[in-house]
2 protein chains.
Amino acid sequence: MDSIRVAILGYGNIGRAVEQAVDAAPDMQLTGIFHHTDSLESLDADVCVLCTPTREVPSFATRLAARGICTVDSFDIHGQILDYRAQLQPLTREQQSVSIVAAGWDPGSDSVVRALLLAMAPQGLTYTNFGPGRSMGHTVAAKSIEGVKNALSMTIPLGTGIHRRMVYVELEDGADFHTVEQNLLRDDYFAHDETHVIEVPSVDALNNVAHGVHLVRNGVSANMHNQNFEFNMTINNPALTGQILVACARAAVRMQQRGQCGCFTMIELAPIDLLPGTTEENIKALV
Amino acid sequence: MDSIRVAILGYGNIGRAVEQAVDAAPDMQLTGIFHHTDSLESLDADVCVLCTPTREVPSFATRLAARGICTVDSFDIHGQILDYRAQLQPLTREQQSVSIVAAGWDPGSDSVVRALLLAMAPQGLTYTNFGPGRSMGHTVAAKSIEGVKNALSMTIPLGTGIHRRMVYVELEDGADFHTVEQNLLRDDYFAHDETHVIEVPSVDALNNVAHGVHLVRNGVSANMHNQNFEFNMTINNPALTGQILVACARAAVRMQQRGQCGCFTMIELAPIDLLPGTTEENIKALV
């Protein structure tokens, strides 16, 4: 079988991880790395992995899908995923391509675990607890407070989906910590959670791309209560995101080859399509 | 949408759990329960869930697939799954039906978790640790030892896929415990694991259908080592098996309706097909 030709668009933390994962894949070759300001005319690939900021993703996905190129992205604005998918659906079907959207670990592999656990115990509660790990959204919000030179907002899981925010701030010269703290605690990003603000001399000294998930379900299977399930991970965040995007790039090309075209989230994919090797090899090793 | 018409073949622990799960499903109706000695001429359903002893499963699946009826089973002889799937494949494609084989929790949902973790961290080691819970195969082996009236073999996880066997035996009148113990420890089912034999006055007093899994992977994503993943569950075994079979019955009918016919294991299914509700509802709730 010919190897899958992969292009990367966007070359930050995630783009670099995607490059590593493509290099390590036995069935893929890298055909180009593009920055989001580049012209994409020379982009030639079976599938392009979009590693740009999330807000730019839909426009790039649309342009590439219009050329029949499969795309994979980690679009993560939860409330907009359905609309984005619906928008790409007719174009990908018309162009006979496959776009996999909202891939990564959450949304992404966590969504797959939540779907599986819901099938295994249809009544009950699932709690997804994140961290400890850096929240990008909250970090950006903290950095935007007047007097803050640099910031890091860590998400700390308290169980039952409740999180504490530990916000480490490095102040501008002359800024007053108490004022910064009060403004931050009033910000809508922080006003609804238990939040602690801590002044530090250097935010860079705290930098760590580790993250984690503790996902719990207690539910009912076939009328039997107290079925207990738990999924935990502690991971390097960009490495895992990049690896999952690459696995989804493989799935996209396989689905296109089978004529299963359109726009999909990860819960709509067969897990075997994420893996190199033949169906028989994977069934033998995993089932 | 019309509700899915489900028949059950075999009415032991699993068959009864399947009945409960179908009753609780918002999109299914039960059309009949058959014992494995019944004539199946009157069996009329979109999908039949096979709850007979595992060795009888392939013959029933073949007979039903030949009539274009979808089937779901928990065939669990690991070394024979690929052959069984290959045997049903041409028939199901010809009859435009779907058969889902080796469904349940292992093989089954554990296989899905193993596939997902392999995609998330392609290099590394996965260990599936079972229990504490009753091993059917080892219990049957223990019961077959001369002088044993009743037995229960519990599987105890010791980590890294190594298990201890705790075998509780109730003796026939006049049987010698030491002789029974020696014969059991020499039996091929027990000779390779740490095994403890314990005499009890009543095996029935110990009966418990609880089981568990502790599945662990430490691996490499995009060149980053030490990615840690863990999936745990403690469950009522027949209830979970029955529930998963019913979720797969739903997937079988959906795949047939889409023309995606053939014979599949659970790692070849999209998790969303296991769930009632529309694609949009499930993406909104889970992704």
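The values are calculated or read from the model by the stated rules, or taken from the named source; none is laboratory data. Everything numeric here is computed off the predicted structure, so don't read it as measured data. We place every Cβ from the backbone using ideal geometry, glycine too, and count neighbours over all the protein chains shown. With ligands, DNA and RNA removed, areas are computed over all heavy atoms of the protein, side chains included. Shrake-Rupley method; radii C 1.70, N 1.55, O 1.52, S 1.80 Å.
If I stretch the segment between A:Glu281 and A:Ala24 completely, what's the gain in nm (0.36 nm per residue apart, minus their alpha carbon distance), one decimal? Mind showing how you got there, number by number?
Details: separation 257, 0.36 × 257 = 92.52 nm, distance 1.90 nm.
Going from the current span to full extension adds 90.6 nm.
With the cut-off at 1.5 for a/c, could you classify the range A:46-151 from its C-alpha gyration tensor as rounded, prolate or oblate?
Because a/c hits 1.5 or more and a/b fails to exceed b/c, the range A:46-151 counts as oblate.
Calculate how steeply helix A:177-186 sits against the longest principal axis of the alpha-carbon atoms of chain A, using the helix alpha-carbon long axis, and give the answer as 0 to 90 degrees to the nearest 10.
50
With a 1.4 Å probe and every protein chain left in place, work out the accessible area per residue of the protein assembly as shown in Å², rounded to a whole number.
Here the residues of the protein assembly as shown average 42 Å² of exposed surface.
Using a 1.4 angstrom probe on heavy atoms only, work out the carbon and sulfur share of the accessible area of the range A:194-245 in %. Write out the running numbers ahead of the final one.
Details: 1050 of 2080 Å².
The value for the range A:194-245 is 50 percent carbon and sulfur by accessible area.
Given label points at 7 Å from Cα along Cα→Cβ, what nm distances, shortest first, separate B:Asp44 from the same residue in every other copy?
Listed shortest first, these distances are 6.1 nm.
Work through the residues other than B:Met28 whose Cβ is under 10 Å from its Cβ and net out their charges, Lys, Arg +1 and Asp, Glu -1. List each step's numbers first, then the result.
Details: positive: B:Arg5, B:Arg250; negative: B:Asp23, B:Asp27, B:Asp46.
Residues close to B:Met28 contribute a combined charge of -1.
Say a label goes 7 Å from Cα toward Cβ at A:Gly68 in every copy; what distances in nm does this one have to the rest, shortest first?
For A:Gly68, the inter-copy label distances come out at 3.6 nm.
How many nm is it between the label spots at A:His196 and B:His178, if each spot is 7 Å from the Cα in line with the beta carbon?
Distance between label points: 6.3 nm.
Can you give me the distance in nm between label points at B:Ile162 and A:Ser42, each placed 7 Å from the Cα along the Cα-to-Cβ direction?
5.6
Kindly sort B:Leu43, B:Leu158 by accessible area of their heavy atoms, largest first, with the probe set to 1.4 Å. Please report the intermediate quantities before stating the final value.
Working: B:Leu43 5, B:Leu158 75 Å².
Ranking B:Leu43, B:Leu158 by accessible area, largest first, yields B:Leu158, B:Leu43.
Whole-Hz Karplus ³J(HN,Hα) for the range A:188-205, in order, using 6.51 cos²θ - 1.76 cosθ + 1.60 and θ = phi - 60°, x for Gly and Pro?
With coefficients 6.51, -1.76 and 1.60, one gets 4, 5, 10, 5, 9, 10, 4, 10, 10, 10, 10, 7, 10, x, 8, 6, 4, 5 Hz.
What span do the alpha-carbon atoms of the protein assembly as shown cover on each of the three principal axes, reported in whole Å from largest to smallest?
The Cα atoms of the protein assembly as shown stretch 91, 52, 41 Å along their principal axes.
Answer rounded, prolate or oblate for the range B:192-287, using the Cα gyration tensor with square roots of eigenvalues a ≥ b ≥ c: rounded when a/c is under 1.5, else prolate when a/b is larger than b/c, else oblate.
It comes out oblate by the Cα gyration axes.
May I ask you to evaluate 6.51 cos²θ - 1.76 cosθ + 1.60, the Karplus curve with θ = phi - 60°, for each residue of the range A:245-262 and list the ³J(HN,Hα) values in order in whole Hz, giving x for glycine and proline?
4, 5, 4, 6, 4, 4, 4, 4, 5, 4, 5, 4, 4, 7, x, 8, 8, x
Treating the angle as unsigned and between 0 and 90°, give the value, to the nearest 10°, between the Cα long axis of helix A:57-66 and the longest Cα principal axis of chain A.
10
Sorted from shortest, what are the nm distances separating the label point of B:Ser202 from equivalent points in the other copies, each placed 7 Å from Cα along Cα to C-beta?
7.0
Select from B:Pro238, B:Pro157, B:Pro26 the residue whose mean-square fluctuation is largest in a Gaussian network model of chain B (Cα-Cα springs shorter than 10 Å).
Highest fluctuation among the options: B:Pro26.
Compare each residue of the range B:112-133 in its chain alone against the assembly with all protein chains, and report those whose accessible area goes down by 30 Å² or more; 1.4 Å probe, heavy atoms.
B:Val112, B:Arg114, B:Ala115, B:Leu116, B:Leu118, B:Ala119, B:Met120
Need one number: convex hull volume per residue for chain B, Cα atoms only, in Å³.
Measuring per residue, one finds 151 Å³ for the Cα hull of chain B.
Carbon and sulfur: what percent of the range B:1-78's accessible surface (1.4 Å probe)? Write out the running numbers ahead of the final one.
Working: 1620 of 3560 Å².
Result for the range B:1-78: 45 percent of the exposed heavy-atom area is carbon or sulfur.
Over 5 Å intervals from 0, what percent of Cα-Cα pairs in the range A:1-81 sits in each interval?
The distribution over the range A:1-81 is 3, 16, 28, 26, 16, 8, 2, 0, given as percents.
If Lys and Arg each add +1 and Asp and Glu each add -1, what is the summed charge of the other residues whose beta carbon sits under 14 Å from the beta carbon of B:Thr52? Write out the running numbers ahead of the final one.
Numbers: positive: B:Arg16, B:Arg55, B:Arg63; negative: B:Asp38, B:Glu56, B:Asp73, B:Asp76.
Once positives and negatives cancel, what remains is -1.
List for the range B:207-232: residues with 30 Å² or greater reduction in accessible area, all protein chains versus chain alone, probe 1.4 Å?
With the partner chains in place, the range B:207-232 has these residues losing at least 30 Å²: B:Ala222, B:Asn223, B:Met224, B:Gln227, B:Asn228, B:Phe229, B:Glu230, B:Phe231, B:Asn232.
Hey, rough spin-label estimate for B:Glu56 and A:Gln257, points 7 angstrom out along Cα→Cβ, what's it come to in nanometres?
Each label point lies 7 Å from its Cα, and together they span 4.1 nm.
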